[in-house]
Amino acid sequence: MEISAIYISTVVYSSLITVLSIGFTLTYLTAKIPNFAHGTYAGIGIYITFSLTRLMGLSPYVSIPIAFLFGGALSMLIFILVIGTLQKIGGGAIVLTISTLAIQIFMTAAIGIYAFWVLLTFHTYTQPFILRDNDIQISGLPGVFPFALIFCIATVIVLHFLLTKTNMGIAMRATAEDPSLASVLGINIYRVQLFSWFLTGGLACLAGSLLPLWFSSSPITGSGMITSIMAGSLLGGLDNIYGAIFGGFVVGTSEQLLTYMLVGLFGNYIGEYRPLIPMIILIIVLIFEPRGLNGVYERWQVRKISKARVVEKSNAQEGA
Amino acid sequence: MEQKSLTLVIVMLVVGLAIGGGLGYVMAPTKEVVKEVQVTVTKNPLKDATLKIGDIVASTAGLETEKPLIDKIMVPDLNEYVSALGFGMKVQILLDDAQSQPSIHLEKVQSFKSQGITQIMGGRWSSQAQGSISYMNENNMILVSSSSTSPLLKQKDNLFRICPTDLVQAPANAEMMKTWGIKGVIIFMRIDPWGEGLYQVIVPALQERGIELIDAIKYAPETTDFSSYLQKLEDDVKAGVAKYGDKKYVAVQIFSFDEQITFLTAAESYPTIKDIIWFSTESGGRDQRYINEIGEPLVAKRMFSSYMGVAETSWKFINLDRRFLAETAQTAGFYTGTTHDGLWLMVLSTLEAGSTDAKDVIPIFINVAANYFGATGWCDLDEFGDRKAQVFDIWGYYKDTDGTVKFRKYGEYDGRVIQVKWDDAALAAVGLQRPALG
């Protein structure tokens, strides 16, 4: 089977951005802050795959569970040491948001140090690198192509099940709605937040671990994706996980396919402006619909209900 | 009568003496007044001095080879030489990293200046040299670059480049393509002073040789994902092949740095460009990293690179190459040689000037360079402080009989007479044959 490389790029990139956007939204819902370090977890996943593949000679897919657990544990550690501590001493939303920026800078530097250490120690080229040669082939297609898509779909299904069918999921939704009220009802907010940070950190790291199988990667690749992740999350509506699925896919597809199409239409110079695409999406959403597609959906729902009530009322009046 | 005559003689004698004395007084040179002045001559102005040179690598990856080169080879060699001459000066080289950013390069330059360091080995990428040179001119600092080649920086300033500019290299690549029978080319390049400099020189060079520039795909240096660019390249190459009838008439010319390692690997996913002929500059040739990272796909792409020739047979280069290989497990390339030569020139100029201050070194640098034979040969610089045109080697990759990928010299380009000489025997030895030119 042969699929043009640009479509493979689009599907892989969009799938990974979608998972990252879902995680970003979930963190926002439970901790009420945008986590600017979210993309950097993906950067850690990138180097987990690199280390296992290039240094230890293992299959890149071995990194999937390792990246998930490592990312989740690291994210929990960050929550306990930084976010949780700042919350306890009364740090507000602004302090917490800025602290995530500091975490992002710290972690990016740590990845850079690790990459340099590997370079000096093993004489292996660590930045930029790509692991296409290490990927498996499935029916003539690179393994990451179906894997990324399956991973994205599985994440959506598992999250849906978790949020609707399990006690932890219900507690997470309650915390997202109103943390004070959830606390009064006996929900341990701290534990819920800790779990959600584990989940989002793990998913982000896992998404990152698949990235170098198709895309060029370096220590700043993960942190550099934060604009796209935020655009996807904001487009879907920051307070709706299902919106993030749609938002992530739109942003990912736009960056890949739209750039290629615009280059064909207007010329090669358009390609230089690819990083502007998520920026433009962010600006448009913030100006015209700050609550994203979720806001549009809610307004549509309200109108539908109002219309139904008007009809009901007029029917009742006619009946009377 | 006799007495009268005697009186007249005496009078005339007196008058003559008076006139002669007067004239003699007026015409006599002024009397020199000898003044005693005490001049203190310092016997050895550099005694107990320390020459601190700031060394800024272009990207973090460069530290891998630069650190052992500096610590294990350059600093010991330079100090041994200075000490043997009895100068009593010490040479220190402080290493830093511009992290691929011109702005960070400038920050590092400013940081060195604040430490009193005015001699910098850096500006390895033209964009980084361009971003810092104004500041360095204003502050009497010297910037010696081992690898900046953009013609856009050809000015009389404090930048001295130990490598020739692209005014020599771009025609070399155009001539390589012409002699290989290429009819259409797509340029795939980064947008920075180096890439733009090469582009501006190669476009007329291609036109002169009747090679069509099918397209130029330019990407920002920060780009990490090349998917859409490679797809466009694939489309362009397909169109070129359709027009000229065969893949052998179409080529890709890349002006890229280390990012080409990833996009050359990624190009394997595109059916047309994966085995088209790629021409490259020095950053793609004769490099063990390319073999380690990309491997076999390099063979199908040929990757003919114009690579500034080193003084291969000179003891200086052989010695440097042997020691560099022992320290880094990589062979020394042209830019290893220019770094070596640049640092030597800074030290020799300092000794000649009797001062570690760059403002004393700058006026004599070109003269010192003209008389220096280094690992890369005679380091003659032009009036702008740039290395004069020399011979470029043509390198490419091939698969050896044992299955390993290796690099090999396939010919030469003489920048002085604008002529390419392919080594047909070397090509034939690896199963390559130069197409017959129609």
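Some notes on this structure:
- Ordered by the number of other Cβ atoms lying within 10 Å of each residue's own Cβ, fewest first, B:Asp357, B:Asp166 fall into the sequence B:Asp357, B:Asp166.
- Dipole magnitude of the protein assembly as shown about its Cα centre (Cβ charges: Lys, Arg +1; Asp, Glu -1), debye to nearest 20: 1240 debye
- Residues A:Asn167 and A:Tyr273, FRET efficiency given R0 of 51 Å [Cβ-Cβ distance, rounded to 0.05]: 0.60
- Where trypsin sites (Lys or Arg not before Pro) fall in DSSP loop in segment B:314-422, at most 13 other Cβ within 10 Å: B:Arg416
- Fraction of antiparallel bridges per DSSP, the protein assembly as shown only, in percent to nearest 5: 40 percent
- Contact order normalised by residue count of chain A, Cα under 8 Å, 6+ apart, percent: 33 percent
- Taking all Cα pairs closer than 8 Å and separated by 6 or more residues, the relative contact order of chain B comes to 14 percent.
- Computed label-point distance, nm, for sites B:Ile291 and B:Lys359 using a 7 Å Cα→Cβ extension: 5.0 nm
- For chain B, the Kirkwood hydrodynamic radius comes to 24.4 Å, computed from all pairs of different C-alpha atoms.
- Extension gain, B:Leu94 to B:Asp157, is 20.3 nm, computed as 0.36 nm per intervening residue step minus the present C-alpha separation.
- Shielding by partners - mean other protein chain Cβ count within 10 Å, residues of A:220-230: 1
- Exceedance of the 32 Å cut-off in Cα-Cα distance is limited, within the set B:Lys156/B:Lys183; B:Lys243/B:Lys421; B:Lys156/B:Lys232; B:Lys43/B:Lys388, to B:Lys156/B:Lys183; B:Lys156/B:Lys232; B:Lys43/B:Lys388.
- Normalised by the number of residues in segment A:57-149, the mean separation of alpha-carbon contacts (under 8 Å, six or more apart) gives a relative contact order of 21 percent.
- The ratio of the alpha-carbon radius of gyration of segment B:316-370 to the globular-protein estimate 2.2 N^0.38 Å is 1.36.
- Zone of B:Lys406's modelled label, taken as backbone nitrogen in segment B:317-338 under 15 Å from a point 7 Å along Cα→Cβ: B:331
- Whether segment B:151-265 is rounded, prolate or oblate, judged on the alpha carbon gyration tensor where a/c under 1.5 counts as rounded: oblate
- Radius of gyration over Kirkwood radius for segment B:33-123, both on Cα atoms: the Rg/Rh ratio is 1.19.
- Selected from B:Met346, B:Met12, B:Met136 as most flexible by GNM, with chain B as the system and alpha-carbon contacts under 10 Å: B:Met12
- Dipole of chain A [Lys/Arg +1, Asp/Glu -1 at C-beta], most positive-end residue of A:Thr175, A:Leu286, A:His123: A:Thr175
- Debye intensity ratio I(q)/I(0), log10, chain A, q values 0.08, 0.09, 0.15, 0.16 Å⁻¹ (C-alpha model): -0.40, -0.49, -1.24, -1.37
- What the Cα convex hull of segment B:76-200 gives, in volume per residue, is 146 Å³.
- In the protein assembly as shown, the convex hull through the Cα atoms has an average projected area of 58.9 nm², a quarter of its surface area.
- Working note: Debye formula, equal point scatterers on the alpha-carbon atoms of segment A:1-103, no solvent; log10 I(q)/I(0) at q = 0.15 Å⁻¹ is -0.74.
- Dipole magnitude (debye, nearest 20) for segment A:127-212, charges at Cβ of Lys, Arg, Asp, Glu: 160 debye
- Counting DSSP beta bridges with both ends in chain B, the antiparallel % (nearest 5): 35 percent
No value in this document is a laboratory result; all are computed from the given coordinates. All values derive from a computational prediction rather than experimental measurement. When we count neighbours, we look across all protein chains shown, and the Cβ atoms used for this are built from the backbone with ideal geometry, even at glycine.
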